[in-house]
Amino acid sequence: MNVTETLERLTRRFPNEPEYIQAVSQVLGTIGEEYNRHPEFDRSNLVERLCMPDRIISFRVTWVDDKGCVQTNMGYRVQHNNAIGPYKGGIRFHASVNPSILKFLAFEQTFKNSLTTLPMGGAKCGSDFSPRGKSNAEVMRFCQAFVNELYRHIGPDEDVPAGDIGVGGREVGYMFGQYKKLTHQFGGVFTGKGQEFGGSLIRPEATGYGNVYFLENMLKTRGETLAGKRVLVSGSGNVAQYTVEKLIELGAVPLTLSDSDGYIYDPDGITADKLEYVKQLKNIERGRIREYAEEYGVKYVAGARPWNEKADIALPSATQNEIDGNDARALVANGVMAVSEGANMPSTPEAVSVFQNARILYAPGKAANAGGVAVSGLEMSQNSERLRWTAEEVDGRLRAIMNDIHENCVKYGTQPDGYVNYVRGANVAGFLKVARAMMAQGIV
């Protein structure tokens, strides 16, 4: 495989999709050696087939706001690859959503789902609608209008969406209700559902918890633990909240949270009581993180991200490309020993290079934040069996999955000098499973 030629062809075909090209570049740049050991892959042009989605569905979403005005948004579903199972991936409601972002997310999701060892393909979905500032009634009407088109393309054995940025339990509930009304079926077609109607225990916590479990495994390779470690966390939504919760439980000291307006820095650490305040603020009141600073009298920096603060560990848990090269250099200079991604591709290629050149522990999102989709897969299993597992059982399975992902990253990512390149390890492990399945199923 000639990586440069492949990327050039894809860039010519998709010149206005930088996030997608970035994601493809990062994967192809690490799997080349393994790919070239399998000439049969090249003969079937497997790499290009794997990079390009099976299909992209786009549609208009028309809904009525509380003033009676008709609003329109765009909706998309990128079904990337279903070689190892039904398409699986979240729905994102955010003003930034476009085909490039969803293609990158679906591409990454394919490898992330493969790493979990569960039978799930890769997909992603979304709209440029933002729930921020909307009433519950407006969110409900939008979700229903969105599903009026999406329902034709999903199903428990075809494509199973979940939540993502802007889509939590409220939105999933509205979409599931509309799907059920349109199809007359009660099935496991969405994950992240409410506990009362088929949701799995630990699903809300899974991405944050899973990232911390993966981080623990990385620290063990250097004889370290989380006890007493000071940690920078970005974001203040679901992933960030449960990341902080697990950090507190394991004896670490989370220092920061953020949203699109800025970040807070609490030098005494975010405690369990303070975290409950954040959950009330963000989940119920839909407030802004600066209110935490006002409540507890701590530092708030508007229009910035927390990567210039001194700490031991950084856990980016907000959105893509939130850590650039300068941020990465600041983190390394301030003594950060580990970066584990709770968000999808939050570090730019330059930032990744800075981390790896400094030989710090660095885990890409496709490995470190796979806990969310792992428990979504466990929710699918429970729905299929009409069973409900205990929180302890789900959490135990989650921890085991994250341990297995870490082992595979070490297996394929350990360099001759002993440094573990988790990016290469995750990409190669995820790629091989999908590639072998595609080869076994022929040219389809």
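Taking every residue in the range 291-303 that is surrounded by fewer than 13 Cβ atoms within 10 Å (Cβ to Cβ) and pairing it with any residue that is among the basic types (Lys, Arg), at least 6 positions away or on another chain, the pairs with Cβ-Cβ distances below 9 Å are Ala302/Arg290.
What residue, among those in the range 50-94 that are within 23 Å of the chain's Cα centre (by Cα) and basic (Lys, Arg), is farthest from Glu19 (Cα to Cα)? Before the answer, list the steps.
Kept after step one, since they are within 23 Å of the chain's Cα centre (by Cα), are these residues of the range 50-94: 50-58, 74-94.
In the following step, the residues that additionally are basic (Lys, Arg) were identified as 55, 77, 88, 92.
Details: Arg55: 18, Arg77: 16, Lys88: 20, Arg92: 15 Å.
Ranking the qualifying residues of the range 50-94, first place goes to Lys88.
Scanning the range 368-398 for residues that are in a loop (DSSP other than H, G, I, E, B) and of a type outside the set (D, E, K, R) yields Asn369, Ala370, Leu387, Trp389, Thr390.
Name the residue that is least open to solvent (accessible area, probe 1.4 Å), counting only residues in the range 3-61 that are closer than 26 Å to Ile91 by Cα and of a type in the set (Gly, Ala, Ser). Going through the qualifying residues, I end up with Ala23. Tallying residues that are part of a helix (DSSP H, G or I) and open to solvent by less than 20 Å² (accessible area, probe 1.4 Å) within the range 176-206 yields 3.
Within the range 145-165, at least one residue is at pLDDT 95 or above, among the aromatic types (Phe, Trp, Tyr) and open to solvent by 10 Å² or more (accessible area, probe 1.4 Å).
Where residues in the range 404-434 are aliphatic (A, V, I, L, M) and over 18 Å from Val24 (Cβ atoms), which of them is nearest to the chain's Cα centre (by Cα)? The qualifying residue nearest to the chain's Cα centre (by Cα) is Ile405. Taken together, the residues in the range 232-261 that are among the aliphatic types (A, V, I, L, M) and not in a strand (DSSP E or B) amount to 8. Within the range 121-131, is even one residue over 19 Å from Asn369 (Cα atoms) and out of contact with any helix residue (DSSP H, G or I) (no Cβ under 7 Å at 6 or more places or on another chain)? Yes: one or more hits.
Tell me which residues, restricted to the range 1-52, are among the hydroxyl-bearing types (Ser, Thr, Tyr) and under 15 Å from Gly430 (Cβ atoms).
Keep residues of the range 1-52 that are among the hydroxyl-bearing types (Ser, Thr, Tyr), which gives 4, 6, 11, 20, 25, 30, 35, 44.
Scanning the range 1-52 gives Thr30, Tyr35.
Candidates in the range 120-135 are the residues that are touching a Lys or Arg at 6+ places or on another chain (Cβ under 9 Å) and open to solvent by 10 Å² or more (accessible area, probe 1.4 Å); of these, the one that is nearest to His153 (Cα to Cα) is Pro131.
Taken together, the residues in the range 258-288 that are crowded, with 22+ Cβ neighbours inside 10 Å and free of Cβ contacts under 8 Å to residues at least 40 places away in the same chain amount to 2.
The values are calculated or read from the model by the stated rules, or taken from the named source; none is laboratory data. Just so it is clear, the model here is predicted, and its values are computed rather than measured. Please note: Cβ atoms are built from the backbone with ideal geometry, for glycine as well, and neighbour counts cover all protein chains shown. These area figures cover heavy atoms from the full protein model, side chains too; ligands, DNA and RNA do not enter into them. Shrake-Rupley method; radii C 1.70, N 1.55, O 1.52, S 1.80 Å.
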